[in-house]
1. For region 134-147, just list the computed ³J(HN,Hα) in residue order, Karplus coefficients 6.51, -1.76 and 1.60, θ = phi - 60°, integers in Hz, with x standing in for Gly and Pro.
2. Points 7 angstrom from Cα along the Cβ direction at SER237 and ASP47: gap in nanometres?
3. Would you grab the residues whose amide H sits under 5 Å from the one on ASP110? Only those 5+ places off in sequence or on another chain, please, with H modelled 1.01 Å from N.
4. Which whole-angstrom value gives the distance between the alpha carbon centres of region 142-172 and region 106-133?
5. For ASP213 and ARG106, compute 0.36 nm times the residue count separating them, minus their Cα-Cα distance, and round to one decimal in nm.
6. At a Cα cut-off below 18 Å, give the lysines reachable from LYS104, other chains included and same-chain residues fewer than 8 away excluded.
7. Hey, any idea what % of region 110-206's accessible area is carbon plus sulfur with a 1.4 Å probe?
8. How far apart, in nanometres, would the label points at ALA171 and SER32 be if each is projected 7 angstrom from Cα along the Cα-to-Cβ direction?
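The values are calculated or read from the model by the stated rules, or taken from the named source; none is laboratory data. In this text, all values refer to a predicted model and were calculated from it rather than measured experimentally. So basically every Cβ, Gly included, is an ideal-geometry build from the backbone, and we count neighbours across all protein chains shown. Just so you know, the surface numbers come from the protein's heavy atoms only, side chains and all, with ligands and any DNA or RNA stripped out. Shrake-Rupley method; radii C 1.70, N 1.55, O 1.52, S 1.80 Å.
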Amino acid sequence: MIRKHARAVALMAALVVGVAPAATAAESDGTSAVDELVRLNPGTTADEMRSAIAAEAKASGRTDQEVADATLAEARSESGQIGVRQNRVASSGGGADKSKRLGKARQGGDVFWYDSATDHVGLYTSAAYIVEAPGAGKVVRKLQAKSKKVPSKTYKMAVKVSQAKRNASAAWATTKRGKAYNLNFAFNKKVTASKYNCSQLVWAAYKAKAKVDLDSNGGTGVYPGNIRDSKKVSIYSKKQG
């Protein structure tokens, strides 16, 4: 989770100018930026990362090295959300400290976020139902909010768009039920995809139907905390139970 100002400043500098120190630091301990990105996104491969880096470089007009450096800086800042902790629980929605029930939202299209063993976000399709990409090895699903177990510290937030756009975004996400889980958070900002992870699903739904970008820092990946920190959401509840 991004909590410290200095870390956020360093990340933004990397995203804007593609600073080299990220890759240099990785190389100093015998690993490349690609290798470290794979380590921080368990289940991905070096070839997948190289391909994603090359595609982003072509699209953005940057060099492969600049993209790798900026993406690695972001992945390091967000590694508390997924990555290393994903090794332990194999899920962006995992964790043992889930003692409460999620319960209802104010309206469809609202977003929930929590920090457990890994950060997780999902989307309300109505006040009583949610859609989410629950974790590695699982598929996008819809379920009753009251059946979802969460930690006490669970945020609920409304996206700052019209209710019609909230409803359309939620309906779009629901059409992705059955889609496999995307292990790559570093390059997950794709609306049309064969796989979705938790933050990608929420981001893509609002990008597709409301034309808003919920990624708070504009990096190549959108992580759960990026959505929580977006200026385009309003948090109205921070505790369950």
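1. Along region 134-147, the couplings run x, x, 4, x, 10, 10, 4, 9, 10, 7, 5, 4, 5, 8 Hz.
2. 4.6 nm
3. Amide H to amide H, under 5 Å and 5 or more residues apart or across chains, ASP110 pairs with TYR124.
4. Each part's Cα centre sits 4 Å from the other's.
5. 36.4 nm
6. Those lysines meeting the cut-off are LYS142, LYS146, LYS148, LYS149, LYS153, LYS156, LYS238, LYS239.
7. 52 percent
8. Reported label-point gap for ALA171 and SER32 is 4.6 nm.
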